[in-house]
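> Pasting a structure here, questions to come.
The values are calculated or read from the model by the stated rules, or taken from the named source; none is laboratory data. This one's a predicted model, so the numbers in the text were calculated from it and none came from an experiment. Note: ideal-geometry Cβ built from the backbone for every residue, glycine included; neighbour counts use all protein chains shown.
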Amino acid sequence: MRVKGSGTFGRPVQLWLRDVDFARLDRIAEKAGIKRSDLMRNLILVGLEEVETFDALGLVRFVRVMERMRDAIRGVLLDEPEKVSA
């Protein structure tokens with residue numbers, strides 16, 4: 001017996017997107033000749049595979065470190081602009 005959520009049918013996912021993003025999805029799905037939901041599923045799966053590859057290479061952790069560095073630098077630049085020399 002097939003049961004929803006068992007992996008045979010998958011599980012529904014609910015998320016919020018802006019109208020402008022729905023329009024982008026619709027435009028691309030129409031060009032590709034697929035349903036919006038199929039495009040969204042494909043995008044999620046491709047993104048997941050990419051992140052898993054980055055993780056295997058140690059890049060996910062590296063990116064997190066770089067984001068923290070960026071945020072720290074922004075803090076200095078925005079909060080104390082007098083400390084930034086030309």
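> Residue check: is residue 24 at pLDDT below 85 and in a helix (DSSP H, G or I)? Break it down stepwise before answering.
On the way: at pLDDT below 85: no; in a helix (DSSP H, G or I): yes.
Spelling it out, it is not the case that residue 24 is at pLDDT below 85 and in a helix (DSSP H, G or I).
> Here is a follow-up. Search segment 15-33 for residues that are loosely packed, with under 12 Cβ neighbours inside 10 Å and pair each with any residue that is of a type in the set (A, V, I, L, M) when their beta-carbon atoms are under 7 Å apart and the residues are at least 6 apart or on different chains.
Sorted first by the residue in segment 15-33, then by its partner, the pairs are 32/39.
> Within segment 27-86, track down each residue that is modelled with pLDDT of 90 or more and of a type in the set (Lys, Arg).
Listed by number, the residues that qualify are 27, 31, 35, 36, 41.
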